[in-house]
Amino acid sequence: MSKKAIGYLLFFGVLLGIFYGVLVYTTDFEKVKLPVLNTVQPFSFLKHDGKTVSQSDIKNRVYVAEYFFTTCKGICPKMNKNMKVIYDQFKSNNNFLVISHTVNPDTDSLPIMKHYADSLGASPENWWFVTGSKENLYKAARESYLLDDPKNSSKSISDQFLHTQFFTLVDRQGRVRGVYDGIKKEEVDQLIHDIQELINE
């Protein structure tokens, strides 16, 4: 091989090396953008401190939504133990919020919800326990937060009972960015990581 050909090979080899170096330097392989799964529909619920809340009260915050009921002895205590871990991680951050919806509004009155919230050390400023009509609560779970099959709403609302262990992560624009199993530590850890990612966006 001639010296000229060797020179060309070396030249293009150096160029390829520079290109690869720039590509690696400018690409953040650790940061994978969360997908947009859905958009939260307009809502209005009653918070455990007696105030009515809607999207306008979220004030451009990242939030996690869940569904539970205060008399639950099964998955709800485990879920809210993990939600408390999440809440404690971000409670001093004004850009974060938790919204816990009751699935049993006939039983979970405001005084009962407030007592439950107080037992978890939840501030009404950044952890809302909300109630409303069963129809509106379940509609939000299915059509906004992807926490149940929308087809389940075809039955009479009085005969329905929604019981889910999943948490939904919503960004500042009201878009669903993830759904996580609220009783699995690895998924709760991933949720904490993803919350921080959205807060930093």
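The values are calculated or read from the model by the stated rules, or taken from the named source; none is laboratory data. Worth saying up front: this structure is predicted, and the values here are computed from it rather than measured. Backbone-built Cβ (ideal geometry, glycine too); neighbour counts: all protein chains shown.
Quick rundown of the values:
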item	result
Scan of region 146-199 for residues that are modelled with pLDDT under 95 and either of a type in the set (Phe, Trp, Tyr) or in a helix (DSSP H, G or I) (or both), ordered by number	Pro150, Lys151, Asn152, Ser153, Ser154, Ile157, Ser158, Asp159, Phe161
Residue match in region 87-98 (condition: modelled with pLDDT under 95 and either of a type in the set (A, V, I, L, M) or touching a Cys at 6+ places or on another chain (Cβ under 6 Å) (or both))	no
Residue tally, condition assigned to a strand (DSSP E or B) and either out of contact with any Asp or Glu (no Cβ under 7 Å at 6 or more places or on another chain) or surrounded by fewer than 16 Cβ atoms within 10 Å (Cβ to Cβ) (or both), over region 102-144	4
Close pairs from region 43-65: first assigned by TED's automatic domain parsing to the domain that holds Val170, partner among the acidic types (Asp, Glu), Cβ under 7 Å, at least 6 apart	Val62/Asp171
Selection status of Lys81, at positive phi and at pLDDT 50 or above	no
Qualifying residue in region 127-138 (condition: among the charged types (D, E, K, R) and in contact with a helix residue (DSSP H, G or I) (Cβ under 8 Å, 6 or more places away or on another chain))	yes
Residue selected from region 40-79 under the condition β-branched (Val, Ile, Thr) and surrounded by 12 or more Cβ atoms within 10 Å (Cβ to Cβ), by the criterion nearest to Val98 (Cα to Cα)	Val64
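Okay, residues lined up against (1) in contact with a His (Cβ under 8 Å, 6 or more places away or on another chain); (2) outside the structural domain of Gln196 (by TED's automatic domain parsing); (3) of a type in the set (Phe, Trp, Tyr); (4) under 26 Å from Gln190 (Cβ atoms):
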{"site": "Leu97", "(1), (2), (3), (4)": "no, no, no, yes"}
{"site": "Asp106", "(1), (2), (3), (4)": "no, no, no, no"}
{"site": "Asn126", "(1), (2), (3), (4)": "no, no, no, yes"}
{"site": "Lys134", "(1), (2), (3), (4)": "no, no, no, no"}
{"site": "Phe166", "(1), (2), (3), (4)": "no, no, yes, yes"}
